[in-house]
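**Q** The structure is given below, and queries will be raised subsequently.
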Amino acid sequence: MALHHASYIYLPSLRVQLIDWFDPGMYGVLVFFLVSGYIVPASLERRGSVRGFWVGRFFRIYPLLAVTCFLAVLPFLLGVLGLRGGLESYSPATAVLAHLTMMQDLLAVPNVMNVLWTLSYEMAFYLLIVAMFVVGGHRRSATAATGLTVAAFIAAALTTGGILVGDHSPSVLLSRTVGTGAVVAVAAFGLVVAIAAAVSGRAAPRVAGGLLGGLLAAMLVVLNGRVQIWEGLTLLAIMFAGTAVHRAEHGQISRRAAAITAVVVLAGTVGTGAWRAAPYGREAQLAWCATVLAAAATFAAAWWARGRRFPRWATGLGTISFSVYLLHPLLLMVAAQFLDVSGREDLVGLAFFLLVLLAVSWASQRWIEAPAQRLGRRLIRPARTEPSVEPHILAS
């Protein structure tokens with residue numbers, strides 16, 4: 001993803017040629033969501049504690065996210081640059097509150113950095129898997145992935161057929177109806193209540209909180225997402241497909257069920273996306289298909305090689321990947337806005353950018369991410385005494 005965004009500045013001609021048959025940005029997003037779906041629910045279930053899950057996620061994401069968001073708005077605060085996406089037209093309270101929920105892309109608030117839109121769907125996924133976990137339905141990942149794929153196809157059919165288009169489109173419907181500020185305030189309040197109840201030591205509030213969070217996520221994806229409804233549902237389906245692979249690997253569902261799920265999600269994603277891309281020409285359809293198939297192949301290859309020993313440089317890149325994800329837009333902003341390096345092919349500049357990015361990301365991981373994660377683990381330890389949320393506990 002960092003290379004894709006860097007190509008706008010350092011390799012603009014190559015990017016234009018490549019985008020006609022392959023979308024590297026969407027490719028990176030799809031691989032990221034497949035891996036996230038494969039790993040994150042396992043983290044929740046391994047701990048057996050909703051409280052431990054949310055504490056771990058908070059200290060994994062928010063410290064570095066807060067630092068990078070502050071650095072992104074610092075030029076605006078100093079009066080040097082404006083904010084991207086016209087964000088300055090929103091009230092500071094609305095913009096800050098939306099980003100604190102990590103769901104700003106589902107709240108009709110522009111992202112302070114372009115890459116942050118993926119975290120909104122990541123948060124929606126967290127809320128949905130917690131909702132399934134507290135009611136004991138967390139092993140139905142294959143069913144969820146298939147259902148979301150079918151729902152995405154139906155949404156695409158409705159919008160393509162003109163039933164839900166123009167002013168009647170549910171896209172950003174809530175914000176257009178009652179106002180962005182009101183939606184942000186209600187969503188933030190609902191999120192706090194949902195998580196606070198879900199981390200309760202008692203079963204009833206935990207179930208109610210988990211279900212409230214899942215309902216909030218589903219409503220925002222369907223009724224207030226920036227992207228088309230079918231695309232938002234497809235992204236969630238892809239994450240649940242990654243979860244289904246994990247379940248088959250650990251004997252929680254059959255490999256046949258996981259294989260059928262993978263085929264349904266892959267076929268649905270390719271088919272629905274190609275159908276929606278048809279008005280933009282055959283090249284757009286082929287680019288979508290190539291991108292989705294490449295992402296699936298990459299995930300499959302990584303899964304096949306999961307038991308092998310990787311070189312240290314590869315595992316090191318994995319360790320600093322979150323820092324790379326959040327820091328590369330800031331470095332590109334500096335390069336484009338302050339160093340004026342965009343608009344020409346510059347391989348030397350690209351190499352220098354990558355070296356600086358890796359160095360800064362290493363420092364960020366060591367002095368921001370790692371200490372925050374250690375603190376989170378210390379806070380989680382007492383939660384290990386909490387009962388796991390399994391079906392027999394809910395029934396008691």
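The values are calculated or read from the model by the stated rules, or taken from the named source; none is laboratory data. Since we're looking at a predicted model, the values are computed, not measured. Positions of Cβ are backbone-derived with ideal geometry, glycine not excepted, and every protein chain shown enters the neighbour counts.
**Q** Sort through 262, 258 and tell me the only one that's under 14 Å from residue 37 (Cβ atoms), in contact (Cβ under 8 Å) with a residue 12 or more places away in the chain and in contact with an Asp or Glu (Cβ under 9 Å, 6 or more places away or on another chain).
**A** 258
**Q** While we're looking at this one, here's another question. Checking residue 247 against (1) within 21 Å of residue 44 (Cβ to Cβ); (2) buried (at least 23 other Cβ atoms within 10 Å of the Cβ); (3) in contact with an Asp or Glu (Cβ under 8 Å, 6 or more places away or on another chain), only one condition comes out false. Which one?
**A** (3)
**Q** Just checking, which of 278, 300, 294 is under 21 Å from the mean Cα position of the chain (by Cα) and farther than 26 Å from residue 143 by Cβ?
**A** 294
**Q** Further question on the same structure: So, in segment 13-35, exactly how many residues are among the small types (Gly, Ala, Ser) and within 16 Å of residue 301 (Cα to Cα)?
**A** 1
**Q** Give me a count of the residues in segment 303-318 that are more than 18 Å from the chain's Cα centre (by Cα) and under 17 Å from residue 354 (Cβ atoms).
**A** Final tally of qualifying residues: 4.
**Q** Let me ask something else about it. With the requirement that a residue be outside any helix (DSSP H, G or I) and not aliphatic (A, V, I, L, M), what does segment 247-305 give you?
**A** 250, 251, 252, 254, 281, listed by residue number.
**Q** Go through 133, 125 for me and flag whichever is more than 18 Å from residue 235 (Cβ to Cβ), at pLDDT 95 or above, within 22 Å of the chain's Cα centre (by Cα) and not basic (Lys, Arg).
**A** Being more than 18 Å from residue 235 (Cβ to Cβ), at pLDDT 95 or above, within 22 Å of the chain's Cα centre (by Cα) and not basic (Lys, Arg) holds for just one of 133, 125, which is 133.
**Q** Report every pair of residues separated by at least 6 positions or lying on different chains whose Cβ atoms are under 6 Å apart, first residue within segment 304-320 and within 22 Å of residue 371 (Cβ to Cβ), second part of a helix (DSSP H, G or I) and hydroxyl-bearing (Ser, Thr, Tyr).
**A** Correct list of pairs: 320/361.
**Q** Among the numbered conditions (1) hydrophobic (A, V, I, L, M, F, W, C); (2) modelled with pLDDT of 95 or more; (3) more than 21 Å from the chain's Cα centre (by Cα), tell me where residue 199 comes up short.
**A** With (1) hydrophobic (A, V, I, L, M, F, W, C); (2) modelled with pLDDT of 95 or more; (3) more than 21 Å from the chain's Cα centre (by Cα) applied to residue 199, the lone miss is (2).
**Q** For segment 192-230, name all the residues that are of a type in the set (S, T, N, Q) and over 25 Å from residue 118 (Cβ atoms).
**A** Passing the criteria: only 200.
**Q** Continuing with the same structure: Could you grab me the full set of residues in segment 321-339 that are under 17 Å from residue 11 (Cα atoms) and assigned to a helix (DSSP H, G or I)?
**A** Within segment 321-339, 328, 329, 331, 332, 333, 334, 335, 336, 337 qualify.
**Q** Identify, from the list 218, 277, the residue that is at pLDDT 95 or above and among the hydrophobic types (A, V, I, L, M, F, W, C).
**A** 218
**Q** Does segment 223-253 hold any residues that are among the β-branched types (Val, Ile, Thr) and either more than 30 Å from residue 181 (Cβ to Cβ) or at pLDDT below 95 (or both), and which are they?
**A** Those that are among the β-branched types (Val, Ile, Thr) and either more than 30 Å from residue 181 (Cβ to Cβ) or at pLDDT below 95 (or both): 227, 229, 238, 243, 245, 253.
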